[in-house]
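One structure is given here, and the rest of the page talks about it.
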Amino acid sequence: MSWTPPRQSHRWPISSLLFMALTCLALPGPLAADGGITRAPDGAESVIPETVLPETVAAETVIAQAIVALGGAERWQAIDSMELRGDYSTFSTTYPFRILRQRPNLYRFEHYEADMQVIVAFDGSKAWWHNQLPLFAGVTWPTAPAIPYARGFEADAEFAGWPFLDAAERGHRLTSLGNADLEGIDTRAVEIGLANGSVETWHFDAATSLPVARIARAAWVGREVESRTFFDDYRQVDGVLLPFHLEIERGNLFAEMSVDDAVLNIEIPADSFSFPRPPLLVDLENLVGTWQVISKTRPMPNLPWFESPGMATIEADFDGTILREKLHFLFAGRPRQVHRTYTHDRFTDQLKIVHIDDLTHHPNIFVGAAQQQDGAFVASNVESGTAWGLGGPVMFERQTLNPVGKNHFTMVWEQSPDGEHWLETASFDYRRADGGTSGN
Amino acid sequence: MTPFRYNIPAPLTVLGLAALLLAPCLGAEETVPQPHSMTLDKASASWHQFRGAWRSGYATDTGLARSWPAEGPKVHWKRPLGEGFSSLSIADGRLFTSFSDADQEILVAFDTTSGEEIWRRPLGPKFEEFFGNGPRSTPTVDGSIVYALGSRGRLLAASAEDGSIVWQVDLQQAFPITQPQTLTPVGATPPGPQLPVYGYAGSPLLVDDLLVVETGARNGRSFAALDKQTGDRRWTALDTEIGYSSPVLVEIDGRRQIIALPGKEVVALSPEGELLWRHDWAWTTSQPLFVPPNRLLVSAENDAGALMLQVRPQGGVQEIWRSGRLKNAWNSSVRVGDYIYGFDNATLRCLRAADGQLMWAQRGLGKGNVIHADGLLIVLTDKGKVVIAEASEQGFEASGEMQALSGRCWTPPALAEGILYARNHEHLIALDLRPRAAGESSDAEGSRR
């Protein structure tokens, strides 16, 4: 018979059932659950662990034994980063995956779900994901996940996925839950209260001390559900043991991860973990700073140009998703203020500038394509519907950011009655006032 | 490096001895299911509808091979098939299912002996959806007529002989869904009659001279019984959000009841369309499972778990037990004797029907559909592997496996006259589960891959 047994075969002989029943009768408290059964009509019950045996070992001892089994604290301390590659299956389809980890808790997980690529990451302080699935973010650009998901990703970001490695230093709380029978596996269970408030139950094999399961609550499609992760197929990599096979049951999701390759202490580019800025704003990143501005303006087309000094500050918010500019200058000898935001409209893939000044008090929206061939960014309000109506005729406006260097750029304002013939009305010469960097 | 393996705790000798003495009290294994209280006689107990004669995942076949050789059972035939989750119905040497091509859904009949297509009939425009395209509903066969429901609501009664149309009803037009559904996808709600988010998925149920379908329309028209000969409306009932499982006909205390899972509840209708009882439950795509003489198991994914109900003779139901250990998704459980076997996400579990006691758990199969016959559990995993094991509350000991299909295999298989039929979005395969004659190879002549 050629049958290859599945990875586990968990079953309870009658003797075990009887023993479980006796044990459950003897042990009060929430861990003496009778096989996940409740007879009360309402409420979801805790389903893990199955039953508890009398012997208990201190949580710190369980964790210490686990770390020894995994290769020892000294070897683990010598590991600063890792990259895992292999196959990841969800929705019954299999694709390659890659995980990047760096101490203390930087994390990036690239995989596919339902034939769509998903990136989940934690930058050390906050989570982001790139998830096009309609059940989740449903958009084609990176976003911050809802708080319950973010909390889960932060937990996933614990180095090697194991919060017990440096539990005390990371502010996690350990509580022994005693010995347990996890569906046929004799384990020691430890509750880990993460510093972010999440609570997980970890099961360590009583014989090998290796982690075999992680049970947690996790966000899943608009609800919080039980999430069970099982670890097996441990293999040695540079003196430490890593699980090369994981199964995850989360709500109705089943995911299976098979590691093909694990590399430790790999050089990982720093921006692997940080929120990806919108591409158009990456091109404008040099705008951030404090600038001395020379403005050249004229109140009417046939009047002479008026030149005066000004000042501008431009800041980035939301991980570079928005640039906010405050510009002060003199217009025909009178102080003027302009506030502008620069964003990348992902739906139209265009630069969008929202311009409000203290003269019109009107949000004027300029929309433009990506960087022009000559390096300029050109945006107009011809299509945005915000052009100023002069008591009837509409006067369109256009703004052009000329090559944005590290320490210098220019901006030109123009007006047009028809969107085709443009007349320059103002120009601004920005020179960095905050020290800047070498180069242009 | 030796791969890590789980340790299974050794039985405790003393307690094991005590348990042996007590074993008779716990109930002996019963591999042959008790007869269901149904009107079908054994002669008609084929797999003529979704999940078999009683919609319970049970086939009356006997004499199946108890184990398989390394290469698995003989491939009776294999042929291409289009997208869809529609399962297979078998009657009188013909297999009926539906699939979609590039533009439309199609009801099709195949010869069970050769796998040759006999006829096909359009079933409506193609349905596309995130989890997979194509029809969901399984045809129901009643002698010379096959009833099929397309994802967009086209209900067809066709001649089983040649596919000619006997009658047809457009459920979207006859019973429009005018209220927003709970599970409306992100985006604007389309005006006018709506399509169920996952398409019309329930399989038509025969009740005497009636064909019962779930319409999802509101205001007393969520379920409809049509004259099976003419398609004329006989009765309508209930005001419930459309579900994605199929109604089941059971008989409890001498009274026949149509059990269905619309929206987030369990309901029972009489064959005349009268509401007998209803009980709050969870949204699910799995099937209610009749546990004779008077119990019903329902199960749902996420944290809902399983609920065993007992139908009271005087009306209404009583909750017997709940369990977080059995969370059926698109797969439904089966009952073999006194035990329930079913998938809890990707863990196959055995629970004692009487009280929900967990008997064993088996991972390593992924998600899957389980059916049973001849005391065997037959599992089709979500990645196309077929695995058999004796149904036993003592544990899951696989005695054969075969990678029959690949890709996403979420459709329950069918079993009739010793042949197991399974499909995915590309192929339909027939496996001969009967013991092989000496020298037979696993690959039958004429397979069309």
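Residue-wise test of (1) open to solvent by less than 40 Å² (accessible area, probe 1.4 Å); (2) away from every other protein chain (no Cβ under 14 Å).
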| position | (1), (2) |
| --- | --- |
| B:S86 | yes, yes |
| B:G93 | yes, yes |
| B:T97 | yes, yes |
| B:G115 | yes, yes |
| B:I118 | no, yes |
| B:E129 | yes, no |
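Among the residues of region A:250-263, which ones are away from chain B (no Cβ under 12 Å) and open to solvent by 20 Å² or more (accessible area, probe 1.4 Å)?
Result: A:D260, A:D261, A:V263.
Residue under question is B:A430, and the condition is that it be open to solvent by 10 Å² or more (accessible area, probe 1.4 Å) and more than 14 Å from chain A (Cβ to nearest Cβ); does it hold?
No: the conditions fail for B:A430.
I'm trying to understand the selection: among the residues of region B:381-411, which are part of a strand (DSSP E or B), closer than 25 Å to B:S86 by Cα, more than 9 Å from chain A (Cβ to nearest Cβ) and more than 18 Å from the chain's Cα centre (by Cα)?
Scanning region B:381-411 gives B:M402, B:Q403.
State which residue is modelled with the lowest pLDDT when the search covers only region A:224-242 and only residues that are of a type outside the set (D, E, K, R) and closer than 18 Å to A:A255 by Cβ.
Filtering first and then ranking leaves A:V225.
How many of the residues in region A:83-136 are in a loop (DSSP other than H, G, I, E, B) and open to solvent by 50 Å² or more (accessible area, probe 1.4 Å)?
The number of residues fulfilling the criteria is 7.
Limited to region B:309-336, what total is found for residues that are assigned to a strand (DSSP E or B), among the basic types (K, R) and within 14 Å of chain A (Cβ to nearest Cβ)?
Qualifying residue count, region B:309-336: 1.
Name the pairs whose Cβ atoms lie under 9 Å apart, with the first residue in region A:132-154 and within 20 Å of B:E129 (Cβ to Cβ), the second part of a helix (DSSP H, G or I), and 6 or more positions between them or separate chains?
A:F136/A:Y149
Kindly indicate whether A:H355 is at pLDDT 95 or above and surrounded by fewer than 16 Cβ atoms within 10 Å (Cβ to Cβ).
The answer is no for A:H355.
From the list A:G419, A:G392, A:G375, which residue is closer than 27 Å to A:N302 by Cβ, open to solvent by less than 40 Å² (accessible area, probe 1.4 Å) and assigned to a loop (DSSP other than H, G, I, E, B)?
Of A:G419, A:G392, A:G375, the one residue that is closer than 27 Å to A:N302 by Cβ, open to solvent by less than 40 Å² (accessible area, probe 1.4 Å) and assigned to a loop (DSSP other than H, G, I, E, B) is A:G419.
Return the total of residues in region A:321-338 being open to solvent by 10 Å² or more (accessible area, probe 1.4 Å) and under 30 Å from the mean Cα position of the chain (by Cα).
Adding up the residues that qualify gives 4.
Quick one: which of A:A218, A:A144 is closer than 16 Å to A:V120 by Cβ, open to solvent by 30 Å² or more (accessible area, probe 1.4 Å), within 22 Å of the chain's Cα centre (by Cα) and not basic (K, R)?
On inspection, the qualifying residue turns out to be A:A144.
Name the residues in region B:359-370 that are open to solvent by 10 Å² or more (accessible area, probe 1.4 Å) and either more than 7 Å from chain A (Cβ to nearest Cβ) or within 15 Å of B:S299 (Cβ to Cβ) (or both), would you?
B:K367
I'd like to check something: does region B:329-343 contain any residue that is of a type in the set (V, I, T) and surrounded by fewer than 24 Cβ atoms within 10 Å (Cβ to Cβ)?
no
Return only the number of the condition from (1) more than 7 Å from every other protein chain (Cβ to nearest Cβ); (2) among the basic types (K, R); (3) open to solvent by 10 Å² or more (accessible area, probe 1.4 Å) that B:R349 does not satisfy.
(3)
Looking at A:R298, A:R277, A:R235, A:R228, can you tell me which residue is closer than 21 Å to A:F109 by Cα, basic (K, R) and more than 14 Å from chain B (Cβ to nearest Cβ)?
A:R277
Keeping to region A:55-82, report how many residues are small (G, A, S) and part of a strand (DSSP E or B).
Residues flagged as small (G, A, S) and part of a strand (DSSP E or B) within region A:55-82 amount to 1.
Quick one: which of A:T321, A:T297 is of a type in the set (S, T, Y) and closer than 30 Å to A:E154 by Cα?
The conditions single out A:T321.
Condition first: surrounded by fewer than 17 Cβ atoms within 10 Å (Cβ to Cβ), hydrophobic (A, V, I, L, M, F, W, C) and in a strand (DSSP E or B). Now tell me which residues in region A:264-306 satisfy that.
Result: A:I294, A:F306.
Starting from region A:83-94, take each residue that is within 11 Å of chain B (Cβ to nearest Cβ) and list its partners that are of a type in the set (D, E) and open to solvent by 30 Å² or more (accessible area, probe 1.4 Å), counting only C-beta distances under 7 angstrom and pairs at least six apart or across chains.
Short answer, once both residue conditions are applied: A:S89/A:E256; A:T93/A:D115; A:T94/A:D87.
Quick one: would you say B:G356 is facing chain A (nearest Cβ under 7 Å) and more than 17 Å from the chain's Cα centre (by Cα)?
Yes; evaluated as a whole, the condition is true for this residue.
Give just the number: which of (1) open to solvent by 10 Å² or more (accessible area, probe 1.4 Å); (2) in a strand (DSSP E or B) does B:I378 not satisfy?
Checking B:I378 against (1) open to solvent by 10 Å² or more (accessible area, probe 1.4 Å); (2) in a strand (DSSP E or B), the one that fails is (1).
Would you list the strands (runs of 3 or more DSSP E) that sit entirely within region B:92-132 and hold 2 or more residues that are touching a Gly at 6+ places or on another chain (Cβ under 6 Å)?
B:94-100, B:117-125
When you look at A:T348, is it open to solvent by less than 50 Å² (accessible area, probe 1.4 Å), of a type in the set (V, I, T) and either more than 18 Å from A:P299 (Cα to Cα) or over 35 Å from the mean Cα position of the chain (by Cα) (or both), yes or no?
So A:T348 fails the test.
The values are calculated or read from the model by the stated rules, or taken from the named source; none is laboratory data. None of the values given here were measured: they were computed from a predicted structure. Don't worry about glycine lacking a Cβ; one is built from the backbone with ideal geometry, like all the others, and counts go over all protein chains shown. Note: accessible area is taken over every heavy atom of the protein model, side chains too, but ligands, DNA and RNA are not part of it. Shrake-Rupley method; radii C 1.70, N 1.55, O 1.52, S 1.80 Å.
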